[in-house]
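Input: a single structure, listed below in structure tokens.
The values are calculated or read from the model by the stated rules, or taken from the named source; none is laboratory data. All values derive from a computational prediction rather than experimental measurement. For neighbour counting, all protein chains shown are included, and Cβ atoms are generated from backbone atoms with ideal geometry for every residue, glycine included. Keep in mind that these areas ignore ligands, DNA and RNA; they rest on the heavy atoms of the full protein, side chains included. Shrake-Rupley method; radii C 1.70, N 1.55, O 1.52, S 1.80 Å.
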Amino acid sequence: MVSTSSETLLTLPTPDAALTRARHGRGYWKNVWRRLAEDRITIAVMLVLIAIILSAVLAPYLTPHDPMKTSVFARLKPIGTAGHWLGTDEIGRDLWARMVYGGRLSLLCGVLPVALALVVGGTLGVVAGYAGGVVNSAIMRSIDVLYAFPSILLAIAICGILGSGIRNTILALSVTFIPPLVRISEAVTTQVRSLDFVEAARASGSGTALLLRYHVLNNVLGPILVYATSLISISIILASGLSFLGLGVSPPNPEWGLMLNNLRPAIWVNPVVAALPGVMIFLTSMCFNLTSDGIRQAMDVRL
Amino acid sequence: MLAYTLRRLLYGVPILLGVSVIVFALIQFAPGDAASLLIPPEAPKEVVDQVRAKLGLDKPVYVQYVLWLGRLVRGDLGVSIVTNMPVASELSNALGNTLMLAIPAALLGFTLGVGLGALAAFHRGTVLDRLFSATAIAGVSLPHYWVGIVLVAMFAVVFNALPAQGMGAPGFPRTWAQIRHLILPVITLSLIPMGVVSRLVRANVLEILSHEFVGSLRAKGLFRRRVLRHIMKNAAPSALALMGLQFGYLLAGSILVETVFNWPGSGGLLNLAIFRRDIPVLSGTIVTIAAIFVVINIAVDVLQALIDPRIRR
């Protein structure tokens, strides 16, 4: 097999993890939970993340303002203005309302592409890893081509050529995240497939379906999921980045990246308010990163 | 070694072909073809046919692809619909400006990344480690376009110390006035490579430190500096691979930073092309950056093999 440079990045010494899981049997997940519960930083970060997600879901209950309602008289009010505690944006919309409502689209555009890519990329990777041979080469060599695009360029190319909008953003980001997920899934599956217990199961007469579902999938899903969670933070930054460029969510919808773009000229008038939406992108992406790190450590998976 | 290099180069050919197919396919999916952008909708059918024939749009898709690819190979990226300038010349100017940001940003990010990552690993568990690891994770989680805005707000708006936009006088930066324009965008761009590289280097060095050979080297009475050299040499290949990828991301990802700073680079060109629906500029830029990325990756692979002979298979 010809190697590409990025492969070395993703070398996965995961059979250890698979072996630990196999050895501990049912107790493995209990173990992971215990270790996660002891990790105070990760628990704290997860709570912040839950708060961010809840604030987006419960947005109407957190603010009396309509995130779309403009006011010519209340433009670019500073933080602490009566009635608008986070101030207002360039056309007088309440910033707090737009921040909490903005979480809905930003989180959607961050999480959904990774989930879609996980389904497509994970399936392709597991199939490639399990089947080996020609199937493996066909899938992996096609993925190599997608890898030739720096991820953000691929997303920009798809959005830029097909046109802006939420649907194209999600499509573009999904395509962007398929290659790394295929690689990880293929690498993990190839390793698990060659382990003794899979061989033993095959020798004792279990069929392909059972083998895949029970022995392979049970052991590869953990590492693949952990890797996918680490992509969410990148996805949130990229999705907001696309909106920031004007390629993603279209105005007047509230979305953090788009808000950042709209408020950019206001930097000369009210720099603090203009920078606020970015804090949310940063916080959310950081929380996803730290959560993923924490889960990875608890599961002892190295990526 | 030569055989390995040749093999990697040859492997680049199908990849580049694949890249060209994907970009061409994307253009085909684009709403409206090049002709519809050039002619008013009320134009008579003969004129439309004439323009379409002139652009080669009346030929079957695969013929169009082969012709397009033939021009690409000869370095002809077409002519911009908006400015009527050859895309290649517009792009080479813009790419030069982008490199002016990307190279210093890469140097800064990689140096800091390797330094912080190695220091954190050698002082594992100390306050220093926590501080550097926190810096690294912030570096990967920060939306760098936002950092650019914050830096502009601080240094241009509040302190009025550095220019907020543009690159000043064009050309290679020689004067302080030109270098001043570089400072904020370069710092902004260097954050992600700094974070990513330092995380990898820390993990790598920790892994290597756990090997027995490090203990033997120390037991042998080798100077710390020499032990360090052994460790860094082992950590180098995967770090290099990552740097290659990151440099590619710098070229492509600069679109966001260039938008923030109004920098006339390839990202700015791409952004402009998207909104003017200038497909030749768009496809030319994308193909060129992807091709550069492929070449960088091959170069990194060869470099890796030079450092670590185990890679030459």
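Specify which of the listed residues (B:Val87, B:Val51, B:Val140) is within 14 Å of chain A (Cβ to nearest Cβ), open to solvent by less than 70 Å² (accessible area, probe 1.4 Å) and of a type outside the set (D, E, K, R). I'd like the intermediate steps shown before the answer.
Details: B:Val87 fails: within 14 Å of chain A (Cβ to nearest Cβ); B:Val51 fails: within 14 Å of chain A (Cβ to nearest Cβ).
Step by step, each of B:Val87, B:Val51, B:Val140 is checked, and only B:Val140 is within 14 Å of chain A (Cβ to nearest Cβ), open to solvent by less than 70 Å² (accessible area, probe 1.4 Å) and of a type outside the set (D, E, K, R).
Does any residue of region A:195-210 turn out to be among the basic types (Lys, Arg) and modelled with pLDDT of 85 or more?
So in region A:195-210, the residues among the basic types (Lys, Arg) come out as A:202.
Subsequent filtering for residues that are modelled with pLDDT of 85 or more retains none.
No; the residues of region A:195-210 include none that is among the basic types (Lys, Arg) and modelled with pLDDT of 85 or more.
Using beta carbons and a limit of 7 Å, which pairs, at least six apart or on different chains, have the first residue in region A:264-276 and within 8 Å of another protein chain (Cβ to nearest Cβ) and the second one part of a helix (DSSP H, G or I) and charged (D, E, K, R)?
Close Cβ pairs satisfying both conditions: A:Ala274/A:Arg264.
For region B:144-169: of the residues being outside any helix (DSSP H, G or I) and in contact (Cβ under 8 Å) with a residue 24 or more places away in the chain, which is surrounded by the fewest Cβ atoms within 10 Å (Cβ to Cβ)?
Kept after step one, since they are outside any helix (DSSP H, G or I), are these residues of region B:144-169: B:159-169.
If we keep only those that are in contact (Cβ under 8 Å) with a residue 24 or more places away in the chain as well, we get B:164-167.
Numbers: B:Ala164: 20, B:Gln165: 14, B:Gly166: 12, B:Met167: 21.
Restricting to residues being outside any helix (DSSP H, G or I) and in contact (Cβ under 8 Å) with a residue 24 or more places away in the chain, the top hit is B:Gly166.
Residue check: is A:Ile184 within 14 Å of chain B (Cβ to nearest Cβ), assigned to a helix (DSSP H, G or I) and open to solvent by less than 10 Å² (accessible area, probe 1.4 Å)? Before you say what the answer is, go through the steps one by one.
On the way: within 14 Å of chain B (Cβ to nearest Cβ): no; assigned to a helix (DSSP H, G or I): yes; open to solvent by less than 10 Å² (accessible area, probe 1.4 Å): yes.
Spelling it out, it is not the case that A:Ile184 is within 14 Å of chain B (Cβ to nearest Cβ), assigned to a helix (DSSP H, G or I) and open to solvent by less than 10 Å² (accessible area, probe 1.4 Å).
Taking the conditions exactly as written (in contact (Cβ under 8 Å) with a residue 24 or more places away in the chain and on the phi < 0 side of the Ramachandran plot), does A:Val226 satisfy them or not?
Values: in contact (Cβ under 8 Å) with a residue 24 or more places away in the chain: yes; on the phi < 0 side of the Ramachandran plot: yes.
Judged against the criteria, A:Val226 is a match.
One line per residue, one yes/no per condition, for (1) touching a Leu at 6+ places or on another chain (Cβ under 6 Å); (2) within 9 Å of chain A (Cβ to nearest Cβ); (3) in a helix (DSSP H, G or I):
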{"site": "B:Leu245", "(1), (2), (3)": "no, yes, yes"}
{"site": "B:Val257", "(1), (2), (3)": "yes, no, yes"}
{"site": "B:Leu272", "(1), (2), (3)": "no, no, yes"}
{"site": "B:Leu282", "(1), (2), (3)": "no, yes, yes"}
{"site": "B:Ile289", "(1), (2), (3)": "yes, yes, yes"}
{"site": "B:Ile292", "(1), (2), (3)": "no, no, yes"}
{"site": "B:Val295", "(1), (2), (3)": "no, no, yes"}
{"site": "B:Val302", "(1), (2), (3)": "no, no, yes"}
{"site": "B:Leu306", "(1), (2), (3)": "no, no, yes"}
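Select from region A:125-148 the residues that are polar (S, T, N, Q) and either open to solvent by less than 30 Å² (accessible area, probe 1.4 Å) or at pLDDT below 85 (or both) and list them in ascending order.
Taking region A:125-148 first, the residues polar (S, T, N, Q) are A:136-137, A:142.
A:Asn136 - this is the single residue of region A:125-148 that is polar (S, T, N, Q) and either open to solvent by less than 30 Å² (accessible area, probe 1.4 Å) or at pLDDT below 85 (or both).
Looking for something surrounded by fewer than 17 Cβ atoms within 10 Å (Cβ to Cβ), within 12 Å of chain A (Cβ to nearest Cβ) and under 30 Å from B:Met232 (Cα atoms) - is there at least one such residue anywhere in region B:116-127?
no
Here is a check on your reading of the model: is B:Arg226 out of contact with any Lys or Arg (no Cβ under 9 Å at 6 or more places or on another chain) and basic (Lys, Arg)?
On the way: out of contact with any Lys or Arg (no Cβ under 9 Å at 6 or more places or on another chain): yes; basic (Lys, Arg): yes.
So B:Arg226 passes the test.
Taking B:Asn262 as meeting all but one of (1) within 26 Å of B:Trp146 (Cα to Cα); (2) open to solvent by less than 50 Å² (accessible area, probe 1.4 Å); (3) not small (Gly, Ala, Ser), write down the number of the exception.
Looking at each condition in turn, B:Asn262 falls short on (2).
Select from region B:199-218 the residues that are in a helix (DSSP H, G or I) and either polar (S, T, N, Q) or over 28 Å from A:Asn289 (Cβ atoms) (or both) and list them in ascending order.
Of region B:199-218, the ones in a helix (DSSP H, G or I) are B:199-209, B:212-218.
Those that are in a helix (DSSP H, G or I) and either polar (S, T, N, Q) or over 28 Å from A:Asn289 (Cβ atoms) (or both): B:Asn204, B:Glu212, B:Phe213, B:Val214, B:Gly215, B:Ser216, B:Leu217, B:Arg218.
Can you run down the residue pairs with Cβ atoms below 6 Å, 6 or more apart or on separate chains, where the first is in region A:277-301 and at the interface with chain B (Cβ under 10 Å from one of its Cβ atoms) and without any contact (Cβ under 8 Å) to a residue 24 or more places away in the chain and the partner is assigned to a helix (DSSP H, G or I) and open to solvent by 10 Å² or more (accessible area, probe 1.4 Å)?
A:Gly278/B:Trp146
Working carefully through the options B:Ala43, B:Ala53, find the one that is farther than 30 Å from B:Ile231 by Cα and not in a helix (DSSP H, G or I). Outline the logic, then answer.
Numbers: B:Ala53 fails: not in a helix (DSSP H, G or I).
Among B:Ala43, B:Ala53, only B:Ala43 is farther than 30 Å from B:Ile231 by Cα and not in a helix (DSSP H, G or I).
Quick check, is B:Ala241 facing chain A (nearest Cβ under 7 Å) and in contact with a Phe, Trp or Tyr (Cβ under 7 Å, 6 or more places away or on another chain)?
No; evaluated as a whole, the condition is false for this residue.
Report those helices (runs of 4 or more DSSP H) wholly inside region A:195-303 carrying at least 1 residues which are open to solvent by less than 60 Å² (accessible area, probe 1.4 Å) and of a type in the set (D, E, K, R).
Values: elements: A:196-203, A:218-244, A:256-263, A:271-299.
Answer list for region A:195-303: A:271-299.
Looking only at region B:93-111, count how many residues are surrounded by fewer than 19 Cβ atoms within 10 Å (Cβ to Cβ) and closer than 26 Å to B:Arg202 by Cβ.
Looking only at that region, the number is 4.
Here's the yes/no breakdown for (1) free of Cβ contacts under 8 Å to residues at least 12 places away in the same chain; (2) within 30 Å of B:Asp301 (Cβ to Cβ):
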residue: B:Pro31; (1), (2): yes, no
residue: B:Pro40; (1), (2): yes, no
residue: B:Val51; (1), (2): no, no
residue: B:Val79; (1), (2): no, no
residue: B:Ala106; (1), (2): no, yes
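Here are some conditions: (1) among the β-branched types (Val, Ile, Thr); (2) more than 30 Å from B:Met243 (Cβ to Cβ); (3) in a helix (DSSP H, G or I); (4) open to solvent by less than 70 Å² (accessible area, probe 1.4 Å). B:Ile81 meets all but one. Which one does it not meet?
(3)
A quick yes/no check of all residues on (1) over 19 Å from A:Leu162 (Cβ atoms); (2) out of contact with any His (no Cβ under 7 Å at 6 or more places or on another chain):
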| residue | (1), (2) |
| --- | --- |
| B:Val257 | yes, no |
| B:Ser266 | yes, yes |
| B:Leu272 | no, yes |
| B:Phe275 | no, yes |
| B:Ile279 | no, yes |
| B:Gly284 | no, yes |
| B:Ala291 | yes, yes |
| B:Val295 | yes, yes |
| B:Asp308 | yes, yes |
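Check region A:165-180 and report whether any residue there is assigned to a helix (DSSP H, G or I), aromatic (Phe, Trp, Tyr) and open to solvent by 20 Å² or more (accessible area, probe 1.4 Å). Show your work before the answer.
Just the residues of region A:165-180 that are assigned to a helix (DSSP H, G or I), to begin with: A:166-180.
Now restrict to residues that are aromatic (Phe, Trp, Tyr): A:177.
Those still in the list that are open to solvent by 20 Å² or more (accessible area, probe 1.4 Å) too: none.
Among the residues of region A:165-180, not one is assigned to a helix (DSSP H, G or I), aromatic (Phe, Trp, Tyr) and open to solvent by 20 Å² or more (accessible area, probe 1.4 Å), which makes the answer no.
Could you give me the residue pairs with C-beta distances under 6 Å whose first residue belongs to region A:189-202 and is of a type in the set (Lys, Arg), whose second residue is buried (at least 21 other Cβ atoms within 10 Å of the Cβ) wherever it lies, and which are 6+ apart or on separate chains?
Cβ pairs passing all conditions: A:Arg193/A:Tyr130.
Working carefully through the options A:Gly125, A:Gly160, find the one that is in a helix (DSSP H, G or I) and either farther than 18 Å from B:Gly253 by Cβ or away from chain B (no Cβ under 14 Å) (or both).
On the way: A:Gly160 fails: either farther than 18 Å from B:Gly253 by Cβ or away from chain B (no Cβ under 14 Å) (or both).
Exactly one of A:Gly125, A:Gly160 is in a helix (DSSP H, G or I) and either farther than 18 Å from B:Gly253 by Cβ or away from chain B (no Cβ under 14 Å) (or both), namely A:Gly125.
Confirm whether B:Arg7 is open to solvent by 30 Å² or more (accessible area, probe 1.4 Å), in contact with a helix residue (DSSP H, G or I) (Cβ under 7 Å, 6 or more places away or on another chain) and either more than 19 Å from B:Val287 (Cα to Cα) or modelled with pLDDT under 80 (or both). Steps first, answer last, please.
On the way: open to solvent by 30 Å² or more (accessible area, probe 1.4 Å): yes; in contact with a helix residue (DSSP H, G or I) (Cβ under 7 Å, 6 or more places away or on another chain): no; either more than 19 Å from B:Val287 (Cα to Cα) or modelled with pLDDT under 80 (or both): yes.
The answer is no for B:Arg7.
Restricting attention to region B:214-238, and to residues there that are among the polar types (S, T, N, Q) and surrounded by 15 or more Cβ atoms within 10 Å (Cβ to Cβ), which single residue is nearest to the other protein chains (Cβ to nearest Cβ)? Show your work before the answer.
In the first step, residues of region B:214-238 are kept if they are among the polar types (S, T, N, Q); the result is B:216, B:234, B:238.
Applying the additional criterion that residues be surrounded by 15 or more Cβ atoms within 10 Å (Cβ to Cβ) yields B:234, B:238.
Working: B:Asn234: 13, B:Ser238: 5 Å.
The extreme case among them is B:Ser238.
Criterion first (surrounded by 24 or more Cβ atoms within 10 Å (Cβ to Cβ) and more than 11 Å from chain B (Cβ to nearest Cβ)) does A:Val192 satisfy it? Spell out how you get there, then give the answer.
Details: surrounded by 24 or more Cβ atoms within 10 Å (Cβ to Cβ): yes; more than 11 Å from chain B (Cβ to nearest Cβ): yes.
Here the answer is yes, as A:Val192 does meet what is asked.
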